[in-house]
Amino acid sequence: MWIGLRQRRAMCVDKFRPLLLEPTSDKEWQAIGTMQIGNTFWEASLHLARNGDVNMQQSRQIEKDWPVFLDTFVDGIREQRTTAEMDASKPKNDLAKALATLKGNPKDPDALKQLPPLYFGMKRWKDAVDAEKNWVAYLAEQPDAVPTKTATLRDAYDLLAWYQFYARDFAGALASSEAAVKLDPAVLTGEEEHALALLFLGRTKEAETIFLANGGEKMGPSSNTVWEDSVTGDYNALKREGITSPDAQRIWNLMALRQDRRNTGAYEQALKQNPNDEKALRQLPYLYSKAKRWTDAVEGEKRLVAFLKTKPDTDTTKNTNLVDALDVLSWYQLFARDFAGSFASADEARKLNPDQLFTESQRAHALMFLGRDQEAEAIYVGNIGRKMNGSQDQTWEAAVLGDFTALENEGVTTRELPRMRGLLQRPEYERLLGEYLQSLKTNPNDETALHYLPGVFYNMHRYPEAVEAGKNRIAHLLRENKHDAESSQTLNSAYGSLSWYQLLAGDFAGALASTDAALKLESGDLVATMNRAHALLFLGREKEAEAIYVANVGKKMDSDQPWDEGVLDDLTSLENERFMNADVARIRTLMRRAGYERLLARYTAELKGNPNDENALSRIGDVYLRLDRAKEAVDAQKNYVAWLQRETNHDAAWSNSLSGAYVGLAWFQIFTHDFAGSLASSDEALKLNPKDLAAQTNRAHALLFLGRTKDADAIYLGHRGEKVFANSDEKWEDAILGDFDDLEKGGVANPNFARLRALLKAPAK
């Protein structure tokens, strides 16, 4: 918006003060008035000494971000403009000058070079492309003897490709980037744009090959920018203009995975050469945690803690860094299921800084997982409403709830966790409850309160009250019904929510009636359809329920959640409220199978697009096995083993991956009755990791089925009480008993199972 001179003067009237001169107590003078320094106005007092010196005695800021006015001359006329106004008009003025220059001399190099970025800054993408083509043509005409020709022309092609992306001319960008690569393959900018052009043209496999081939490389001989950083930054810039690809995230994940592996190997090597390399000590545990190698992350962070403790006490950052490292160690120990260790680390951090809330959250988590629920609850509840350290926005409860989600995502949970979550959420829900009840007391038709009150009761686990509030809302909606599409949709959604509240309140007949009402309004509503199946199931109408469950497999809910996952979540929620049904196990099996079939289709498609997709290669074998396709599971796992063997970087991460792949292969081979193959695969795993107890479980099974009973017994009975995995509390005997159950379900049984079950269940002598 243009602000005229008169308006600007009016805005300044109450800011400026007239300059006053007055004597001071020491018989000198001071000047009091308003002064502008840069874009800030101050009320200032200037002391005037007899020798002519001026000193500012005191000042008070009265306005900041105030425009700086400058005198300018436009066509010989003096105008007062702000710097912001001048900056805004500069590109337009520069564009006009460049065009005028080119009108007089179409080969003016300065104007030809200046014009494309001016158009680009104005988002005139097509004009930027045309102008850059003119600049490229000019450079191409220059004699080859010009020493800078190749580099300048390469840069021009790079810019042309970049502008063509924004103009959606991906084929043109591909051609321009190829020209840049031919001129100088050592500068990877052209290679990056080549890959991006292929990606946007749908040639995903070719693009992925380039993206992965250049991982870790510098963008040029004189550049410090790494390939992955450049690619991510450029792609995000394009994405902001709506230029994107559905395959990008998958490729970025692969790039990040490989980058992390390279960095992990580099830091591991650095620590071999110098065990006190502080950067490696700090970075390595984090990289292990990203790879979910929790035990390695714990050990790495312990090394950092030990290193920090050796620093002299005169180091002013020692305590702060040590507290942070102990907090992180405590966090990793939670994921490694070392809850006692987590508590000890947090307690040590607390002694150094008792005011660190992050430390308190770790202590509370550890106490909860150790079963010391009352102590944990006191910490959780006692800090509600406080702000986390170093954050002006995040509250204690928000941070803790985020921690709960992260832990649950890794399977670290306890029966007490939902209750603790409810305690942390309760103050906010109580505030909202009071607000909405008061609103309805004043105005029984308050739409906001009617809308949100049922959900508040639901989140407080007050299901009967949620039902009544939901009915009140529906009654209001029916009274206000305009019988248009929007009213029908709102009413349909309200019936769907009410039916869920009724299920949790045990009113299955009411839930069925509510879903019927919802489906009359919108017959394809999947929320109402799913709740109808639940109601039928718990009303004893199992066949009708199963028909609905099965018929909708493959569909997605509005939240993009697959139907089968939604069913499984709902059944778990109902069981948590003590609603049991004998048919739930069968329905759950059907839904899980649907989920595995969906995963199989996904991984198959990913491998068709990229046979080297590590995520799909590593996971598809297990999916085949869960679908009772053991032979295909073995073949898929052999493909994964072969892929890993072709990798050239044989670092610790590679060894762990290959060892794990052999363990999986050995397990799958048992289900195909290839016991000799399973024994061989187990031996390969143990060569890579002699301490791997998971490999020993499969080795014992293979020996048993091969008739080498004494050798098998020695393994089965020799590891009782040990943890199979460092990041799990599962004991050896429980893992073996679980394996026996799974093998029998898969049709692979042995007469020795009964004897071994009795021995493993008996107390160790």
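The values are calculated or read from the model by the stated rules, or taken from the named source; none is laboratory data. Being a predicted model, the structure only gives us computed values, none of them experimental. For neighbour counting, all protein chains shown are included, and Cβ atoms are generated from backbone atoms with ideal geometry for every residue, glycine included. Note: accessible area is taken over every heavy atom of the protein model, side chains too, but ligands, DNA and RNA are not part of it. Shrake-Rupley method; radii C 1.70, N 1.55, O 1.52, S 1.80 Å.
Here are some notes:
- Identity of the residue in segment 127-143, out of contact with any helix residue (DSSP H, G or I) (no Cβ under 8 Å at 6 or more places or on another chain) and either touching a residue at least 40 places away in the same chain (Cβ under 8 Å) or not aliphatic (A, V, I, L, M) (or both), that ends up surrounded by the most Cβ atoms within 10 Å (Cβ to Cβ): Asp130
- Consider segment 109-127 and keep the residues that are on the phi < 0 side of the Ramachandran plot and charged (D, E, K, R). The one that is farthest from the chain's Cα centre (by Cα) is Asp110.
- Scanning segment 634-681 for residues that are in a loop (DSSP other than H, G, I, E, B), of a type outside the set (Ser, Thr, Tyr) and either more than 25 Å from Leu257 (Cα to Cα) or open to solvent by less than 20 Å² (accessible area, probe 1.4 Å) (or both) yields His673, Asp674.
- Check on Gln669, in contact with a helix residue (DSSP H, G or I) (Cβ under 9 Å, 6 or more places away or on another chain) and modelled with pLDDT of 95 or more: yes
- Flag for Asp144 being of a type outside the set (A, V, I, L, M, F, W, C) and in contact with a Leu (Cβ under 9 Å, 6 or more places away or on another chain): no
- Residue match in segment 395-413 (condition: within 20 Å of the chain's Cα centre (by Cα), over 17 Å from Trp331 (Cα atoms) and in a loop (DSSP other than H, G, I, E, B)): no
- Summed over segment 571-589, residues that are open to solvent by less than 30 Å² (accessible area, probe 1.4 Å) and within 30 Å of the chain's Cα centre (by Cα) total 2.
- Candidate set from segment 337-365 (those that are among the charged types (D, E, K, R) and not in a helix (DSSP H, G or I)); member that is nearest to Ala398 (Cα to Cα): Asp355
- Considering segment 164-193, the residues that are outside any helix (DSSP H, G or I) and touching a Gly at 6+ places or on another chain (Cβ under 8 Å) include one that is farthest from Glu217 (Cα to Cα), namely Asp184.
- Any hit, segment 352-369, residues being open to solvent by 40 Å² or more (accessible area, probe 1.4 Å) and either touching a Lys or Arg at 6+ places or on another chain (Cβ under 9 Å) or within 27 Å of Asp569 (Cα to Cα) (or both): no
- So Leu196, is it part of a helix (DSSP H, G or I), at pLDDT 95 or above and closer than 29 Å to Thr264 by Cβ: yes
- Test: Glu468 is of a type in the set (Asp, Glu), within 31 Å of the chain's Cα centre (by Cα) and either open to solvent by 20 Å² or more (accessible area, probe 1.4 Å) or over 20 Å from Glu397 (Cα atoms) (or both): no
- Selection within segment 536-576 - small (Gly, Ala, Ser) and closer than 19 Å to Thr589 by Cα: Gly540, Ala545, Ala547, Ala551, Gly554, Gly566, Ser573
- Residues that are in contact with an Asp or Glu (Cβ under 7 Å, 6 or more places away or on another chain) and at pLDDT 90 or above number at least 3 in the following helices (runs of 4 or more DSSP H) confined to segment 238-336: 248-273, 278-290, 318-335.
- Single residue of segment 590-611 satisfying the filter (more than 19 Å from Trp563 (Cα to Cα) and either touching a strand residue (DSSP E or B) at 6+ places or on another chain (Cβ under 9 Å) or in contact (Cβ under 8 Å) with a residue 40 or more places away in the chain (or both)) that is surrounded by the most Cβ atoms within 10 Å (Cβ to Cβ): Asn610
- Subset tally (residues that are hydrophobic (A, V, I, L, M, F, W, C) and closer than 23 Å to Leu478 by Cα) for segment 418-462: 7
So that you can scan it fast, the table gives a plain yes or no per residue for (1) in contact (Cβ under 8 Å) with a residue 24 or more places away in the chain; (2) under 20 Å from His461 (Cα atoms); (3) surrounded by 15 or more Cβ atoms within 10 Å (Cβ to Cβ):
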position: Asp373; (1), (2), (3): yes, no, yes
position: Ala378; (1), (2), (3): no, no, no
position: Gly382; (1), (2), (3): no, no, no
position: Trp396; (1), (2), (3): yes, no, yes
position: Glu408; (1), (2), (3): no, no, no
position: Arg415; (1), (2), (3): no, yes, no
position: Arg421; (1), (2), (3): no, yes, yes
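- Cβ separations smaller than 9 Å between residues 6+ apart or across chains give no pair from segment 259-281 residues that are at positive phi and of a type in the set (Lys, Arg) to residues that are in a helix (DSSP H, G or I) and open to solvent by less than 50 Å² (accessible area, probe 1.4 Å).
- Top-ranked residue in segment 146-201 [being among the hydroxyl-bearing types (Ser, Thr, Tyr) and farther than 16 Å from Val129 by Cβ; ranked as farthest from the chain's Cα centre (by Cα)]: Thr148
- Segment 144-161, residues that are touching a residue at least 24 places away in the same chain (Cβ under 8 Å) and open to solvent by less than 40 Å² (accessible area, probe 1.4 Å): Leu153, Arg154, Ala156, Asp158, Leu160, Ala161
- The combined condition, being surrounded by 21 or more Cβ atoms within 10 Å (Cβ to Cβ), over 21 Å from Asp622 (Cα atoms) and not hydroxyl-bearing (Ser, Thr, Tyr), is not fulfilled by Glu722.
- Some residue of segment 116-126 being surrounded by fewer than 16 Cβ atoms within 10 Å (Cβ to Cβ), closer than 27 Å to Ala161 by Cβ and at pLDDT 95 or above: yes
- A Cβ distance below 7 Å, combined with a sequence gap of six or more or placement on separate chains, defines the contacts here; from segment 438-451, residues that are open to solvent by less than 90 Å² (accessible area, probe 1.4 Å) reach residues that are acidic (Asp, Glu) in the pairs Ser439/Asp446; Leu440/Asp446.
- Of all residues in segment 736-756, those satisfying the criterion of being in contact (Cβ under 8 Å) with a residue 40 or more places away in the chain and closer than 16 Å to Ala714 by Cα are Asn752, Leu756.
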